[in-house]
Amino acid sequence: MPTKKQIRNAVGKRRSELSLGEVRARSRRIIARLTGQEVYRRAGCVASYVSISNEVDTHTLIDLALNSGKRVAAPVLVPNRTLIHREIRGLAELKPSRFGLLEPSDEDGAVVPPDAFDIVLVPGLAFDCSGNRVGFGAGYYDRFLSMALAIKIGLAYDFQLFDRLPTGPRDIPMDLVVTESGVHDTRRV
């Protein structure tokens, strides 16, 4: 089995090779699959990562959620490898952080506690059919997800879905993984 580092390198390279058109087309299919799910339709409060580079586009998804009346919160990286989420009213509130990520500023939106979310949209480089995830290696999301009671949803392109990934004791699995070709409910695995 490849190591997490090998998976990060291979999938990161493959994702970086996607054209803007491919990202948009694939993301549209993923968003359509996600928004068609009952768990998404029922959700009143959503934690969503803010996509960068060639990640599945959450900018469109955030706009859709806000326009349908959902509360949306975006992540903020804080010292001690902690991740908090601040409520946003629109993408215009997001500013580049010291890490190059778009985040709400300290002056914007209230902090939403981890137990307030109905769903959490989670980034990752790879997911498997059991809901395991290979992230970027810093552990921010796993620490946050260990406190969240919400349905955890990984958004990924088909090539990011593996049969099996290496896992560690602190890794938090997803409940659903949504790709262009399907919704993988890992709670039944």
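The values are calculated or read from the model by the stated rules, or taken from the named source; none is laboratory data. Here the structure is a predicted model, which means the values were calculated and not measured. No Cβ is skipped: glycine too gets one built from the backbone with ideal geometry, and neighbour counts run over all protein chains shown. For the accessible areas, the whole protein counts, side chains as well, though only heavy atoms, and no ligand, DNA or RNA atoms are used. Shrake-Rupley method; radii C 1.70, N 1.55, O 1.52, S 1.80 Å.
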Separation between Cα centres of the stretch 90-154 and the stretch 67-89, rounded to whole Å:
7 Å
Within the under-10-Å Cβ sphere about D128, not counting D128, Lys/Arg +1 and Asp/Glu -1 give a net charge of +1
Counting only protein heavy atoms, what percent of the accessible surface of the chain is carbon or sulfur at a 1.4 Å probe?
51 percent
State in Å² the accessible area per residue of the stretch 53-189; use a 1.4 Å probe, count heavy atoms of protein chains only, and round to the nearest integer.
47 Å²
So what's the back-of-envelope 222 nm ellipticity for the chain, counting only DSSP H runs of four-plus at -39500 (n - 2.57) apiece and dividing by all residues, rounded to 500?
-7500 deg cm²/dmol
Residues A10 and V78, FRET efficiency given R0 of 25 Å [Cβ-Cβ distance, rounded to 0.05]
0.25
